[in-house]
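Here, each number is a calculation from the coordinates, and none is a lab measurement. Quick caveat, the model's predicted, so the values are computed rather than measured. Cβ placement follows ideal geometry from the backbone for every residue including glycine, while neighbour counts extend to all protein chains displayed.
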Amino acid sequence: MQRAAVSIPSNIAEGYERNTNKDFVHFLYISKGSCSELRTQIYLAVEIGVFDKVTSDELLESTRKISAMLHNFIKVRKEKF
């Protein structure tokens, strides 16, 4: 879970440094995929008793918000750059 969580901002940074919009958008998609991976791992952690319902709900909501932000960022970068 830590690796997936760290991968989200790391891929944004790596894509930004590539200096082309196409590469940046590509890495934003990878970042969004890492966010989905993290969300899946949270669901699994609940099933095996690592997180309680309140904690998991908060974490899942955070991943949904981050995913939505990435979606919008990708949309803007594809349409306006």
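Descriptive notes on the structure:
- Charge dipole of the stretch 2-80 about the Cα centre (unit charges at C-beta), most positive-ward option of 38, 27, 59: 27
- Distance between the 7 Å Cα→Cβ label points at residue 58 and residue 36: 2.7 nm.
- For residue 51, net neighbour charge (Lys/Arg +1, Asp/Glu -1) across residues whose Cβ lies under 14 Å away: -3
- Tilt relative to the chain, helix 21-47 - C-alpha long axis, 0 to 90 degrees, to 10: 0 degrees
- Hydrodynamic radius of the chain by the Kirkwood approach over all distinct alpha-carbon pairs: 13.2 Å.
- For residue 53, a cut-off of 25 angstrom between C-alpha atoms picks up these lysines, skipping any fewer than 8 places away in its own chain: 32, 65.
- For the stretch 62-79, 3J(HN,Hα) per residue [Karplus equation, 6.51 cos²θ - 1.76 cosθ + 1.60, θ = phi - 60°, Hz, x = Gly/Pro]: 4, 5, 5, 5, 5, 4, 5, 5, 5, 4, 5, 4, 4, 4, 5, 5, 6, 8
- For the chain, a crude dipole built from +1 on the beta carbon of Lys and Arg and -1 on the beta carbon of Asp and Glu, taken about the Cα centre, is about 440 debye to the nearest 20.
- Between residue 10 and residue 72, the contour length at 0.36 nm per residue exceeds the alpha carbon distance by 20.5 nm.
- Separation of the residue 50 and residue 29 label points, Cα + 7 Å toward Cβ, nm: 2.8 nm
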